[in-house]
1. Would you be able to say whether some residue in the range 195-203 is at pLDDT 70 or above and out of contact with any Gly (no Cβ under 8 Å at 6 or more places or on another chain)?
2. Please specify each residue of the range 160-179 satisfying the condition of being open to solvent by less than 20 Å² (accessible area, probe 1.4 Å), of a type outside the set (S, T, N, Q) and in a helix (DSSP H, G or I).
3. Among the residues of the range 35-58, which ones are hydroxyl-bearing (Ser, Thr, Tyr) and open to solvent by less than 20 Å² (accessible area, probe 1.4 Å)?
4. When residues of the range 17-34 are filtered for being under 21 Å from the mean Cα position of the chain (by Cα) and open to solvent by less than 40 Å² (accessible area, probe 1.4 Å), how many remain?
5. Exactly one of (1) surrounded by 15 or more Cβ atoms within 10 Å (Cβ to Cβ); (2) not in a strand (DSSP E or B) is unmet by Arg97. Its number?
6. State whether the residues of the range 95-107 include one that is β-branched (Val, Ile, Thr), at pLDDT 95 or above and closer than 23 Å to Val214 by Cα.
7. Tell me, which residue of the range 42-91 that is touching a helix residue (DSSP H, G or I) at 6+ places or on another chain (Cβ under 7 Å) and in a helix (DSSP H, G or I) is nearest to Gln335 (Cα to Cα)?
8. Being among the charged types (D, E, K, R) and touching a residue at least 40 places away in the same chain (Cβ under 8 Å) is the filter; apply it to the range 242-268 and report the residue that is farthest from Ile361 (Cα to Cα).
Amino acid sequence: MVGLGTEAQKYVWEGAIPLQIHLHESEITTLPSPPPALILGPRMGYLPLLVPQIKPYFSDTLPPGVDTVWFDYKGIPLKWYIPIGVLFDLLCVEPERPWNLTVHFRGYPADLLSPCEGEDSVKWSFINSLKEAAYIINGNSKNVMNMSQVDQLELWRSILNREMEVFLRISSKLKLGTVGEDYTKKVTSPRQTNSETDTAGSSRTGRIPVRLYVRNVGEDIDDLEDVPPIDSWDRICYINKPVEIHKEEGKIFTLHDAVKVLLPEFFPDEEPSIDEEISRIELEDEPEAPESNLCNQDLNISTAKKAEVGASADEHQLESSHVSGKSEIRLVRIQGIEPKLDIPFSWVVTNLMNPEHFLHICVCVGVSQDPSKTR
């Protein structure tokens, strides 16, 4: 019997952000100017899916031409394939309600955003992310690729309609497991016998697909309320990196442990545990999941070689951003929540994971200027 979801999951699925959508002034052709549209944006939804609700507010004032819809926040084009809730958590360090966005129906910035043809583009981006998550968890994405058209359609509609129970029923067929239950895997190497496999399998649990967004809030910012808005996506690093959970008797793997695995450079005074070292070595030795570099969707890089360069550049940017001064993690935010780092990571994954089976973590880091380099 498929579970009906936890209370926390229900809150997350029902979560929405009040949006105040303004039409860009260059596209207003009537007087007076149209008032902004006030709508709710589902946290797990995507901006292009809101267009059918938004366009009626502005259709009478739009200039002639073909719609190529995109959104910006304070001049920053918003990446359409990132969930609305993640964009909000990342860009609004101090939450802004309603969240004031600008919609454009013309002049799509193809040099900054990957093409979007409306709902179909969002759907296939979601399915590709689901395939990637399945690959990370199970080592292959066969269950997702073999979904029937009926199940695929019903799964997608459950996202559109925010029907958690329908989603859980359909997604259970994908065998992606839940932390603490189906995540224990049996891993067989070519040299292992069946009996050795049983022993090895009990020591390893699931790989959690994580999308990490790291925002540098600048130097010497004492209060996060004073953080200036970003002027470029270059100030945000994207890291797709699974977290391996190892069960250790008498010890709970916490969110702190997970963040430490993802960003070890921010914990220089803490010795890595044996489990963390095993996890890191295993992840380095195993092949990377397909489409693991989120940035490449907007860079329009066509070759695999360039994709690898893009991933390295992101990680190098993160490392170099805090070499010159003392760095620290100022904020960890997931689904609008700023959880304590000692919370069990299994709870975080079970309750706060997005429908494509990725856990999206937004992190703000601060860098204090090295006094020896200032005058």
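The values are calculated or read from the model by the stated rules, or taken from the named source; none is laboratory data. Values in this document were obtained by computation on a predicted structure and should not be read as measured data. Using ideal geometry, Cβ is built from the backbone for each residue, glycine included, and neighbour counts are taken over all protein chains shown. All accessible areas refer to the heavy atoms of the entire protein, side chains included, with ligands and DNA or RNA removed. Shrake-Rupley method; radii C 1.70, N 1.55, O 1.52, S 1.80 Å.
1. Narrowing the range 195-203 to residues at pLDDT 70 or above: none.
Scanning the range 195-203, I find no residue that is at pLDDT 70 or above and out of contact with any Gly (no Cβ under 8 Å at 6 or more places or on another chain), so the answer is no.
2. Result: Met164, Phe167, Ile170, Leu174.
3. Filtering the range 35-58 down to residues hydroxyl-bearing (Ser, Thr, Tyr) leaves 46, 57.
Scanning the range 35-58 gives a single hit, Tyr46.
4. Residues that pass the stated criteria total 2.
5. (1)
6. no
7. Within the range 42-91, the match that is nearest to Gln335 (Cα to Cα) is Ile84.
8. Residues of the range 242-268 that are among the charged types (D, E, K, R), as a first pass: 244, 247-249, 251, 257, 260, 265.
With the extra rule that they be touching a residue at least 40 places away in the same chain (Cβ under 8 Å), the set shrinks to 244, 247, 257, 265.
Values: Glu244: 16, Lys247: 22, Asp257: 14, Glu265: 17 Å.
Looking at the filtered set, the residue picked out is Lys247.
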